[in-house]
Amino acid sequence: MHGHTIKAIDLKSEYQANPIGIDYAPQLSWRLTGSEYGILQTHYRVLVASSEEILSQDKGDIWDSGKVSSKESSSISTSHLTLESRQRYFWKVKVWQYENESEWSDSSWWEMGLTRQTDWQGGWIGYAPGMSGRVLYFKGLYWSETGKTIARARAYVAGIGFHAFYVNGEKVSDAVLAPAQSTYSKRIYYETYDLDKLIRPGANSFVIPVAPGWFGAQRLRIQVEITYTDGTFILLNTDNFRHVTTGPIVQASVFDGETYDAREARESIWRPDTPVGLIDKEWAWAHNTDDPTGELHSERVEPIRVVETVKPAMVARPLDGIYVFDAGRNLAGWVSLRVNCERGVTIRLFFSETLREDGTVNQDNLRNAKACDSYTCSGSGEERWEPSFTYHGFRYFQVEGLPYEPSAEDFEVKVIRTDVHTTGGFSCSDELANSIHMMAVNTEASNLHSVPTDCPQRDERMGWLNDLTVSHEIAMFNFDMARFFPKFAQDITDTQDDKGRITCVAPFRFGMRPADPVCASYLLLPAMAYVLYGNRQAIEDQFEGMKAWTDYLRSRTVDGLVDYSYYGDWCPPWEFLANPGTGVSRDTPGLMISTGYLYYCEKLIADMANVLGRTEMAEEYREYASQTRLAFNRAYWNEEKGGYASNNQASNAFAVYLGLADDRQAALAMENIVTDIRKRGWHLTTGNLCTKYLLDVLADGGYVDDAWELVTQTTYPSWGYMLSKGATTVWERWEYLTGDAMNSHNHPMLATVDAWFYRHILGINPSFDNPGFCRFSLKPCIPKSLEWADGSLDTVKGTIRSSWKKKGHNLIWSVDIPAGTIADLSIPSANGRFVLCNGKRVKTAGSNGRAFLSLESGHYEIKSRI
């Protein structure tokens, strides 16, 4: 296996191809390619140079790593380098498989942004005397000398709440709702725009509309830097952008929608000329403002974009002049329209997830969110418009104010989310399970808007940490979260106070301080960034904060038990609620859940301390976890019942999943779980957290058929029940509810079944001990009633595929293992021994109906007796 070719490809800096505007040391990654089987990296060498010319000479004047013994090909740190603002760095890599040395990879590069706060030359501006609530249009002008050639032009823009950037009337980027949300008192994200080809000889206009967005006011800080080939350097700062006016976007609210009056659209806003005077009826002079106190940092997550366009269908005309359209599924985004009306005609669009009996949209569950977009026509003929600074969660929209009956062709639904790459795919022989998968993916996609939101439609849309403790797995199996997870972990740290207390929601706009102890998501996001992408830096960056939160929870114990809880296993089925007016469980003690999560956090801190080489601390927190486990069992194990607390599904699954039960306790608890599930006709009684744990412990415990019966149940409470009521996304409650309460129809917290498809039906499981998929396991479970399953996961190493089907008494399993990794297969096998791999019998270890085999990269056809 040592004579074949190997090469590094797909080079990325901070998980991006040739990015600009990075203000921190990026991590470097690559994939491997070569002959079909057995590609492994044993060494690498990275060169980083200050110019392409130097790099082409196989020199690294910035860094030459030398030949490094490592199987890692992702998240290679450059934190030891001194990196300068604005500088572009060029790099390449070669790899070895033992003595077999590759050629150099193609070159790649990254470009630094403004790395120091002192790089910013101007202050913040806004306009307080008037224009209250309006979108403000800030304008700057620049005259580029004819005959001079631009070498590089960049704009660094921090416009909060939301902004867009236009050069000579053309929008520079396809990003929307920029910048990413943050705790503005701690950090504000800026965007970097490439203007190389946009600035023309002569007069140029720069216009930045700024909406209140999540900040609630309009503030701008901008720096444009232009370098010519003759060495001339031009810097325009905020002082060059003080002309400010209002325009056609009359009002823009995240929750209430956008109001646009086309009669107020003026060419003078975009024209590259100077407004006359400081203040007149059209233009004002922007003032310096009290600075938002957060530091400026480059954007650390993919931008929000329009990722899909959907053609709606008209479904109802319930009243004269009212038209209702169906987008076909619940989603997050907005509607673009095409109209031809007289001047002054106003068209209003109202958004909802459900319809009333009379066919009109039902907005009751939106609570205080108005969810209405309004467009007033200019009367200039055919007009097209879509909003810029709002979004809605909806399936249906209602059109009012049109003087004629529209057609479906007059509208397009634009789907928006953080533009993370889709990485996962799953299908199987059960169409109900396929529908559940799509329902879960639609739900998660609807709730990625620079933070992982709880819902996209009502007056909330917040980054709830309790839901995320389990729902992060839906994201990690379906989308590339390499940048998203670390960014949001920093958002959580930014809410932390000097006592170690984080908040229920990040950024902190809702909920409580301290957060509910269930918010282990704070620790799980950096841990998963490490597991999935090899990102050790994600752990290091947040470690002190994660430890402080865990220590705070320890400080809140009495006799080893955490002394507070808000949510616990939130929103079990209706009959198991403590009070129908809340989501608190009647039978699953909140303090038990809180204490279990303290144990979980202590174990995670121990594991992550080991990663950082802090072995003494790791041992200390393992001992803390051991003490917490003893206290948990003293308080909640019921020997008479053979289960935990009330002996319900949630309490038992929780204790077994987290490893709080010993082998005897786990066996008894599992017996009680299975007995209860069967007694209830394969229905669950769990809420947002323990639903995940229930399915996982059933599959791990050998009860995959019972788990499959739960998953494919069609009567209440179940995902099939949701589908039977027309759901296309997962609900907040197991019940179909539409009133003014917690009745979201697009909520990821109950959608964790989708991760179960990947982990247990496809069998794909990453490893904490082998981060970045250097090694992983494949262990599919085979339900009796399922004939086949097929799916894949695109990882930092490449695409893993697991596809199995039954053929008589045999299992035919196709496996793709990407270059640079090893897969440990656990093969369903009746005798635990007889296995064919690519037509040849292979020697395997075997036990408990499984055969075990480790394979390097390649495509394999495996056959076993089941």
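The values are calculated or read from the model by the stated rules, or taken from the named source; none is laboratory data. Just so it is clear, the model here is predicted, and its values are computed rather than measured. Neighbour counts run over all protein chains shown; Cβ positions are idealised from the backbone, glycine included. Calculation scope for accessible area: heavy atoms of the full protein, side chains included, ligands and nucleic acids excluded. Shrake-Rupley method; radii C 1.70, N 1.55, O 1.52, S 1.80 Å.
Of the numbered conditions (1) crowded, with 17+ Cβ neighbours inside 10 Å; (2) closer than 30 Å to G820 by Cα; (3) polar (S, T, N, Q), S107 satisfies every one except a single condition; which is it?
Single failed check for S107: (1).
For V93, are the conditions met, namely being open to solvent by less than 10 Å² (accessible area, probe 1.4 Å), touching a residue at least 60 places away in the same chain (Cβ under 8 Å), within 32 Å of the chain's Cα centre (by Cα) and at negative phi?
Numbers: open to solvent by less than 10 Å² (accessible area, probe 1.4 Å): yes; touching a residue at least 60 places away in the same chain (Cβ under 8 Å): yes; within 32 Å of the chain's Cα centre (by Cα): yes; at negative phi: yes.
Here the answer is yes, as V93 does meet what is asked.
Give the number of residues within the stretch 358-377 that are under 17 Å from D410 (Cα atoms) and not β-branched (V, I, T). Break it down into steps so the answer makes sense when it comes.
Within the stretch 358-377, the subset under 17 Å from D410 (Cα atoms) is 373-377.
Narrowing further to those that are not β-branched (V, I, T): 373-375, 377.
Going through the stretch 358-377 one residue at a time, the tally reaches 4.
Name the single residue, out of those in the stretch 832-845 being in a loop (DSSP other than H, G, I, E, B) and surrounded by fewer than 12 Cβ atoms within 10 Å (Cβ to Cβ), that is modelled with the highest pLDDT.
Taking the stretch 832-845 and keeping what is in a loop (DSSP other than H, G, I, E, B), we get 832-834, 838-839, 842-844.
Remaining after also requiring surrounded by fewer than 12 Cβ atoms within 10 Å (Cβ to Cβ): 839, 843.
On the way: G839: 93, K843: 80.
Taking the candidates together, the pick is G839.
So how many residues does the stretch 474-495 have that are open to solvent by 10 Å² or more (accessible area, probe 1.4 Å) and either in contact with a Phe, Trp or Tyr (Cβ under 7 Å, 6 or more places away or on another chain) or in a helix (DSSP H, G or I) (or both)?
Here is the first cut: in the stretch 474-495, the ones open to solvent by 10 Å² or more (accessible area, probe 1.4 Å) are 480, 483, 486, 490, 493-494.
From what is left, the residues that are either in contact with a Phe, Trp or Tyr (Cβ under 7 Å, 6 or more places away or on another chain) or in a helix (DSSP H, G or I) (or both) are 483, 486, 490, 493.
So the count comes out to 4.
Inside the stretch 577-602, can you point out the residues that are crowded, with 21+ Cβ neighbours inside 10 Å and in a helix (DSSP H, G or I)?
G590, M592, I593, S594, T595, G596, Y597, L598, Y599, Y600, C601, E602
What's the total number of residues in the stretch 1-23 that are assigned to a loop (DSSP other than H, G, I, E, B), open to solvent by 40 Å² or more (accessible area, probe 1.4 Å) and farther than 30 Å from Y860 by Cα? Spell out the reasoning first.
Of the residues in the stretch 1-23, the ones assigned to a loop (DSSP other than H, G, I, E, B) are 1-5, 14-15, 17-21, 23.
Now narrow it down to the ones that are open to solvent by 40 Å² or more (accessible area, probe 1.4 Å): 1-3, 5, 17-18, 20.
Keeping just the survivors that are farther than 30 Å from Y860 by Cα gives 17-18, 20.
Count: 3.
Open to solvent by 30 Å² or more (accessible area, probe 1.4 Å) and in contact with a Leu (Cβ under 9 Å, 6 or more places away or on another chain) - does that describe any residue in the stretch 228-236?
So the first thing to find is which residues in the stretch 228-236 are open to solvent by 30 Å² or more (accessible area, probe 1.4 Å), and the list is 229-235.
Checking which are in contact with a Leu (Cβ under 9 Å, 6 or more places away or on another chain) leaves us with none.
No, there is no match, as no residue in the stretch 228-236 is open to solvent by 30 Å² or more (accessible area, probe 1.4 Å) and in contact with a Leu (Cβ under 9 Å, 6 or more places away or on another chain).
I'm trying to understand the selection: among the residues of the stretch 528-560, which are open to solvent by 10 Å² or more (accessible area, probe 1.4 Å), in a helix (DSSP H, G or I), of a type outside the set (D, E, K, R) and more than 25 Å from F479 (Cβ to Cβ)?
A548, Y552, S555
Taking into account only those residues within the stretch 236-258 that are assigned to a strand (DSSP E or B), of a type outside the set (S, T, N, Q) and farther than 12 Å from G140 by Cβ, which is farthest from the chain's Cα centre (by Cα)?
If we filter the stretch 236-258 for residues that are assigned to a strand (DSSP E or B), which is where we start, we get 236, 243-246, 249-253, 257-258.
Okay, now just the ones that are also of a type outside the set (S, T, N, Q), so 236, 243-244, 249-250, 252, 257-258.
Then keep just the ones that are farther than 12 Å from G140 by Cβ; that gives 249-250, 252, 257-258.
Working: I249: 29, V250: 31, A252: 25, G257: 24, E258: 25 Å.
This residue is V250.
Six or more apart or on different chains, Cβ under 9 Å: which pairs go from a residue in the stretch 133-153 that's under 30 Å from E264 (Cα atoms) to one that's among the acidic types (D, E)? Could you list them?
V135/E258; L141/D273
Confirm whether S450 is under 10 Å from the mean Cα position of the chain (by Cα), more than 23 Å from G726 (Cα to Cα) and among the hydroxyl-bearing types (S, T, Y). Lay out the reasoning, then the answer.
On the way: under 10 Å from the mean Cα position of the chain (by Cα): yes; more than 23 Å from G726 (Cα to Cα): yes; among the hydroxyl-bearing types (S, T, Y): yes.
The answer is yes for S450.
Which ones in the stretch 415-437 are out of contact with any Phe, Trp or Tyr (no Cβ under 7 Å at 6 or more places or on another chain), under 19 Å from R300 (Cα atoms) and not in a loop (DSSP other than H, G, I, E, B)?
R417, the sole residue that qualifies.
As an exercise: evaluate A440 against (1) small (G, A, S); (2) under 30 Å from P486 (Cβ atoms); (3) assigned to a strand (DSSP E or B) and give the number of the one condition it does not meet.
With respect to (1) small (G, A, S); (2) under 30 Å from P486 (Cβ atoms); (3) assigned to a strand (DSSP E or B), A440 is out only on (3).
Tell me the strands (runs of 3 or more DSSP E) entirely within the stretch 103-179 that contain at least 2 residues that are under 32 Å from the mean Cα position of the chain (by Cα) and under 25 Å from I22 (Cβ atoms).
On the way: elements: 108-111, 136-144, 150-160.
Once the strands (runs of 3 or more DSSP E) in the stretch 103-179 are filtered for at least 2 residues that are under 32 Å from the mean Cα position of the chain (by Cα) and under 25 Å from I22 (Cβ atoms), what remains is 108-111, 150-160.
Across the stretch 613-632, which residue is farthest from A669 (Cα to Cα) among those that are open to solvent by less than 30 Å² (accessible area, probe 1.4 Å) and of a type outside the set (V, I, T)? Step through it out loud before you land on a result.
Taking the stretch 613-632 first, the residues open to solvent by less than 30 Å² (accessible area, probe 1.4 Å) are 618, 621, 625, 628, 631-632.
Add one more test, that the residue is of a type outside the set (V, I, T), and what stays is 618, 621, 625, 631-632.
Details: A618: 30, Y621: 27, A625: 21, A631: 18, F632: 15 Å.
Here the residue is A618.
Among the candidates D676, D663, D706, single out the residue that is under 29 Å from S594 (Cβ atoms), open to solvent by 40 Å² or more (accessible area, probe 1.4 Å), among the charged types (D, E, K, R) and free of Cβ contacts under 8 Å to residues at least 60 places away in the same chain.
Details: D676 fails: open to solvent by 40 Å² or more (accessible area, probe 1.4 Å); D706 fails: open to solvent by 40 Å² or more (accessible area, probe 1.4 Å).
Among D676, D663, D706, only D663 is under 29 Å from S594 (Cβ atoms), open to solvent by 40 Å² or more (accessible area, probe 1.4 Å), among the charged types (D, E, K, R) and free of Cβ contacts under 8 Å to residues at least 60 places away in the same chain.
Could you go through the stretch 773-783 and let me know if any residue there is surrounded by fewer than 19 Cβ atoms within 10 Å (Cβ to Cβ), touching a strand residue (DSSP E or B) at 6+ places or on another chain (Cβ under 8 Å), more than 30 Å from V611 (Cα to Cα) and among the polar types (S, T, N, Q).
No.
Which condition number in (1) crowded, with 17+ Cβ neighbours inside 10 Å; (2) closer than 22 Å to S435 by Cβ is the one that N770 fails?
Result: N770 passes all but (2).
Across the stretch 45-75, what is the total count of residues that are open to solvent by less than 20 Å² (accessible area, probe 1.4 Å) and part of a helix (DSSP H, G or I)?
1
Name the residue, out of E405, E400, E412, that is out of contact with any Phe, Trp or Tyr (no Cβ under 8 Å at 6 or more places or on another chain), open to solvent by 40 Å² or more (accessible area, probe 1.4 Å) and over 25 Å from M462 (Cβ atoms). First the steps, then the outcome.
Details: E405 fails: out of contact with any Phe, Trp or Tyr (no Cβ under 8 Å at 6 or more places or on another chain); E400 fails: out of contact with any Phe, Trp or Tyr (no Cβ under 8 Å at 6 or more places or on another chain).
Unique residue meeting the criteria: E412.
If only one of T42, T78 is among the β-branched types (V, I, T), surrounded by 14 or more Cβ atoms within 10 Å (Cβ to Cβ) and within 22 Å of S857 (Cβ to Cβ), which one is it? Before the answer, list the steps.
On the way: T78 fails: within 22 Å of S857 (Cβ to Cβ).
Of T42, T78, the one residue that is among the β-branched types (V, I, T), surrounded by 14 or more Cβ atoms within 10 Å (Cβ to Cβ) and within 22 Å of S857 (Cβ to Cβ) is T42.
Being under 26 Å from N368 (Cα atoms) and open to solvent by less than 10 Å² (accessible area, probe 1.4 Å) narrows it down to one of V470, V451, so name that one. Don't jump to the end; show me each part of the working.
Values: V470 fails: under 26 Å from N368 (Cα atoms).
Exactly one residue qualifies, and that residue is V451.
Six or more apart or on different chains, Cβ under 8 Å: which pairs go from a residue in the stretch 17-38 that's farther than 27 Å from R86 by Cα to one that's assigned to a loop (DSSP other than H, G, I, E, B) and open to solvent by 40 Å² or more (accessible area, probe 1.4 Å)? Could you list them?
Within 8 Å, the pairs are G34/T5; S35/T5; Y37/M1; Y37/E856; G38/M1; G38/E856.
Could you please find all residues in the stretch 709-760 being open to solvent by 10 Å² or more (accessible area, probe 1.4 Å) and among the β-branched types (V, I, T)?
If the condition is that a residue be open to solvent by 10 Å² or more (accessible area, probe 1.4 Å) and among the β-branched types (V, I, T), then T712, T714, T715, T728, T738 are the ones that fit.
Determine if the stretch 643-651 includes at least one residue that is surrounded by fewer than 20 Cβ atoms within 10 Å (Cβ to Cβ) and over 24 Å from N466 (Cα atoms).
no
Just checking, how many residues over the stretch 365-397 are open to solvent by less than 30 Å² (accessible area, probe 1.4 Å), closer than 28 Å to N746 by Cβ and assigned to a strand (DSSP E or B)? Explain how you work it out, then say what you get.
From the stretch 365-397, those open to solvent by less than 30 Å² (accessible area, probe 1.4 Å) are 365-366, 369, 371-378, 381, 383, 385, 387, 389-394, 397; that's our starting set.
With closer than 28 Å to N746 by Cβ added as a condition, the list becomes 365-366, 369, 371-375, 385, 387, 389-394, 397.
In the following step, the residues that additionally are assigned to a strand (DSSP E or B) were identified as 372-375, 385, 392-394, 397.
Selection size over the stretch 365-397: 9.
Output yes when any residue across the stretch 119-135 is modelled with pLDDT of 95 or more, at negative phi and among the hydroxyl-bearing types (S, T, Y), and no when none is.
no
Out of curiosity, is D563 farther than 30 Å from G739 by Cα, open to solvent by 10 Å² or more (accessible area, probe 1.4 Å) and free of Cβ contacts under 8 Å to residues at least 40 places away in the same chain?
On the way: farther than 30 Å from G739 by Cα: yes; open to solvent by 10 Å² or more (accessible area, probe 1.4 Å): yes; free of Cβ contacts under 8 Å to residues at least 40 places away in the same chain: yes.
Yes: the conditions hold for D563.
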